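Step one of this worksheet: look at the structure below.
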Amino acid sequence: MPGRRSNISNTKNRIDRRSKLGEHGAGARRQLRSANQAYAQAVKLLRPTGTPLLTAVLHYAKAVKILGSDRVLEAAREFARHNLSFPQSRTVRHVADELIGLKTRQKIGNRSLANWRLRLNEISDKFSGDVANVSSADIQRWLKRTKAPAHTLKSRRDAAHALFKFAESRGYIGRGENPVPATVGVPHRDSITICTPNELRQLLVAAPSWFRPVLAVQAFAGLRSMEVLRLDWSDVKFDCGHIHVCMAPNKAAAKRLAPIPPNLVRWLSDARKSSGSIFPYTRLNFDEIQAGTAAAAEIEWNDDALRHSFISYRVAQTSDVPRVSLESGASPGLIFKHYRTLVSEMDAREWFTIAQ
C-alpha cells in the first residue's frame, strides 16, 4: 500500500507540473500573439510614410535622447507651429556637382576650377550618403586620417566648409548645421624645417627631369608652392638676373623680384621657354609629385621646406636680413625669429653651388 500511495502522489505531481507548463505555454502564446499584432499594427501605421519599423524606432530613440524626455509629439507640434521646413534630401555627390556647376558659371580660372573639382570630388568620394547625415565627427576623422601637408589639409577643410555652406543655402541641411566649423583646424607650426645640401641633392636626383626646375626655383629663389603654380616662363628674366614673382593672384602690387643665382641658371637652362607655365598642372598634382619625389629620395617631406631652406641659407650667405626680406617676401621679424641661426656661411656656400 505504501508503494501504491507513492505512485499516486508522483502521478499527481506530474499532472500538476503539466498543468502549470500548459498555463505558462498559453501565456507565452498570448504574449506572442499580442506582440505579432503590435508589430503588424506598427508596420501598417508606418506604411504611408515609407519608413521601416527599425528606422522609426531608431529615430524615436534619438529624438528622446536629444529632447531629454519623451516629449517627441510636443517638439513636433512646436516645429510645425513655427512653419519650419525639412531639408531636401541630397547626396554629397549631388551637392558637389551643383557647386562645381556654379563655379563653372562664375567663370573662375581653369586652374582654380580644377582645384575645386578635385577637392569636392575627394569629399564626395569619402562621403557617399545624404549630405544631412555627415557629422562633425565624420569630418574630423577624415581630416585626422589624411596624411598630407598642412596646407593640403587646410584646403580640404575649406572646401568641405564651402560645400556644406552651399548645401545650407540650398536647404539641403538645416540652418546652422554645417558640420565643419565644429571641427579642429590644422594646427599652426611655430617651427620650420629645412633641408641639408645633401638632402637637396637626393631630391634632385630622385625627381623626374622635367620636375627638377620646379624644385630648383623653390630651393634657390625661395618661391612658395602657390607662387610656383602661378609662375610663367616669361617672368623668369635671365638677362636681369631675377624672377618676377606674383605673390597673390590678381593683385598687381603684390609682386617681388627673386634672385636667380648662377647655379639656378644651370638648372633652368635646359627647360627654358619664352612663355608658358613652369608647372602647368594643379596643386594636387604638385603635392603628389613632390611627396612622391621625397619618398623616392627617402626624405621626410615638409610643406615649403625648400623655401624655408632658401631663406636660411640666403641669410647666412648675405648677412642682410632686409635684403632677404625683399627677395623672399617674408617679413624681417619673421626672418629674425626663425631663420638667422639655423645654418652656417659654409653651409650656404655649399647650398648655392649645387648644380647639375
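The values are calculated or read from the model by the stated rules, or taken from the named source; none is laboratory data. Because the structure is a prediction, the values reported are computed rather than measured. Cβ coordinates were reconstructed from backbone atoms using ideal geometry, including for glycine residues, and neighbour counts include every protein chain displayed.
Scan the range 204-212 and give yes if some residue there is in contact with a strand residue (DSSP E or B) (Cβ under 9 Å, 6 or more places away or on another chain), touching a residue at least 12 places away in the same chain (Cβ under 8 Å) and surrounded by 15 or more Cβ atoms within 10 Å (Cβ to Cβ), otherwise no. Within the range 204-212 (the criterion being in contact with a strand residue (DSSP E or B) (Cβ under 9 Å, 6 or more places away or on another chain), touching a residue at least 12 places away in the same chain (Cβ under 8 Å) and surrounded by 15 or more Cβ atoms within 10 Å (Cβ to Cβ)), the answer is no, since none of the residues qualifies. The lone criterion from (1) under 36 Å from the mean Cα position of the chain (by Cα); (2) at pLDDT below 80 left unmet by Ser69 is number (1). Among the residues of the range 86-131, those identified as polar (S, T, N, Q) and in a helix (DSSP H, G or I) are Thr104, Asn110, Ser112, Asn115, Asn121, Ser124. So which residues in the range 159-187 are surrounded by fewer than 15 Cβ atoms within 10 Å (Cβ to Cβ) and either aromatic (Phe, Trp, Tyr) or within 15 Å of the chain's Cα centre (by Cα) (or both)? Scanning the range 159-187 gives Pro181, Ala182, Val184, Gly185, Pro187.
Filtering the range 122-158 down to residues that are surrounded by 16 or more Cβ atoms within 10 Å (Cβ to Cβ) and polar (S, T, N, Q), which residue is modelled with the highest pLDDT? Taking the candidates together, the pick is Ser124.
Ser124 meets all of the listed conditions (1) over 10 Å from the mean Cα position of the chain (by Cα); (2) over 15 Å from Asp97 (Cβ atoms) but one, namely (2). The set of residues in the range 104-125 that are touching a residue at least 24 places away in the same chain (Cβ under 8 Å) and within 13 Å of Val92 (Cα to Cα) comprises Arg119, Leu120, Asn121, Glu122, Ile123, Ser124.
Scanning the range 290-306 for residues that are hydrophobic (A, V, I, L, M, F, W, C) and either assigned to a loop (DSSP other than H, G, I, E, B) or surrounded by fewer than 18 Cβ atoms within 10 Å (Cβ to Cβ) (or both) gives Ala291, Ala295, Ala296, Ala297, Ile299, Trp301.
Scanning the range 314-323 for residues that are free of Cβ contacts under 8 Å to residues at least 60 places away in the same chain and either among the small types (Gly, Ala, Ser) or outside any loop (DSSP other than H, G, I, E, B) (or both) gives Val315, Ala316, Gln317, Thr318, Ser319, Val321, Pro322, Arg323. Selection of the range 262-289 for residues being assigned to a loop (DSSP other than H, G, I, E, B), surrounded by 18 or more Cβ atoms within 10 Å (Cβ to Cβ) and modelled with pLDDT of 85 or more yields Ile278, Phe279. For Ser319, the test of being more than 18 Å from Trp210 (Cα to Cα) and under 28 Å from the mean Cα position of the chain (by Cα) is failed.
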